[in-house]
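Data first, discussion second: the structure below is written as structure tokens.
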Amino acid sequence: KLAEQLEAVRAGRAVQRQQRQAAPLATAALVGYTNAGKSTLFNRLTGADVLADDRLFATLDPTVRLLSLPSRRRILLSDTVGFIRKLPVTLVQAFRATLEEVTQASLILHLVDVADPQARAQIVQVEKVLAEIGAGAIPRLRVLNKLDLLPEAPGHAPDWTASEPAGDGAAPLGTVRVSARTGEGLDRLLAAIDEALAMDAVVNATFRFPPEAAAKISLVYQRGRVLQADYDEQGCLVRAEVPHSLKQRLAEYLSSAG
Ligand SMILES: Nc1nc2c(ncn2[C@@H]2O[C@H](COP(=O)(O)OP(=O)(O)OP(=O)(O)O)[C@@H](O)[C@H]2O)c(=O)[nH]1
Ligand SMILES: [Mg+2]
């Protein structure tokens with residue numbers, strides 16, 4: 001039953017994603033352990049934006065909404081299913097499939113419940129799954145949520161909030177402390193998202209993909225704009241506009257030609 005529901009969500013999302021691709025908007029995906037406060041933050045950030053042209057997205061998929069940043073850049077924010085430690089084996093595949101959305105995002109917001117004694121282990125768990133689904137190299141911000149539940153005195157905050165535990169993927173761009181409940185820190189979060197996306201400017205790149213790396217070509221099609229693609233026995237030469245982060249991720253395939 002649950003497996004069927006997850007599959008339905010996955011199929012629906014794939015269609016919606018195709019429809020959205022006409023809109024040149026960057027997507028930021030909220031990920032995190034279950035109960036981290038993703039949906040609360042999602043509603044808080046996008047609540048004021050559920051208006052006129054946002055309706056389109058709201059009806060297509062209630063978990064993707066428009067978000068306006070301080071720079072006036074608009075992005076799509078997507079809420080995702082929470083990560084759970086003991087998922088029945090039969091559901092693991094379906095669960096991962098619902099996270100396909102995450103692999104398409106320009107930016108990942110990894111939400112953490114700082115008040116949970118297991119927070120540290122949960123971060124590692126989430127980072128591991130992100131790496132497994134192929135999202136390990138997507139730029140991300142770590143968002144420490146439920147700040148309101150921590151004692152006032154800074155000395156009482158858990159030690160690990162000062163120095164970040166390392167995950168499997170690339171280091172996060174930064175850490176922002178918020179409370180989705182009180183709204184504290186949300187201005188800082190929006191500014192950080194703006195900054196992260198500005199850093200990931202769109203750049204030109206030419207890649208040469210040997211036949212054995214053909215699967216990587218789809219990444220360029222998904223996250224960039226292909227200007228030209230020429231196939232020969234040595235593989236494929238692709239000229240494209242891609243986010244800087246993707247160019248870095250595919251650095252070994254960069255071609256000096258053209
Ligand atoms: N005190 C406090 N509670 C919060 C905060 N953010 C969320 N919560 C509470 O945490 C619980 C879980 O919040 P959700 O937003 O449903 O968490 P989620 O990450 O979407 O959970 P899943 O969808 O199950 O993965 C709810 O009871 C929220 O009210 C916060 O900043 N402070
Ligand atoms: Mg939720």
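The values are calculated or read from the model by the stated rules, or taken from the named source; none is laboratory data. All values reported here derive from a predicted model rather than from experimental measurement. A quick note on method: Cβ atoms are made from the backbone with ideal geometry, for glycine too, and the neighbour counts reach across all protein chains shown.
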Criterion violated by L41 - all others in (1) among the aliphatic types (A, V, I, L, M); (2) over 23 Å from M199 (Cα atoms); (3) more than 16 Å from ligand 1 (Cβ to nearest atom); (4) at pLDDT 50 or above satisfied: (3)
Criterion: modelled with pLDDT of 70 or more and surrounded by 15 or more Cβ atoms within 10 Å (Cβ to Cβ) - qualifying residue of D113, D61: D113
Top-ranked residue in region 76-110 [being within 16 Å of ligand 1 (Cβ to nearest atom) and at pLDDT 90 or above; ranked as nearest to the chain's Cα centre (by Cα)]: I108
Candidate set from region 64-75 (those that are over 19 Å from the mean Cα position of the chain (by Cα) and surrounded by 11 or more Cβ atoms within 10 Å (Cβ to Cβ)); member that is modelled with the lowest pLDDT: S71
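Condition check ((1) closer than 15 Å to K38 by Cβ; (2) without any contact (Cβ under 8 Å) to a residue 40 or more places away in the chain) across all residues:
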site	(1), (2)
S106	no, no
L111	yes, no
R120	no, no
I133	no, yes
I138	no, no
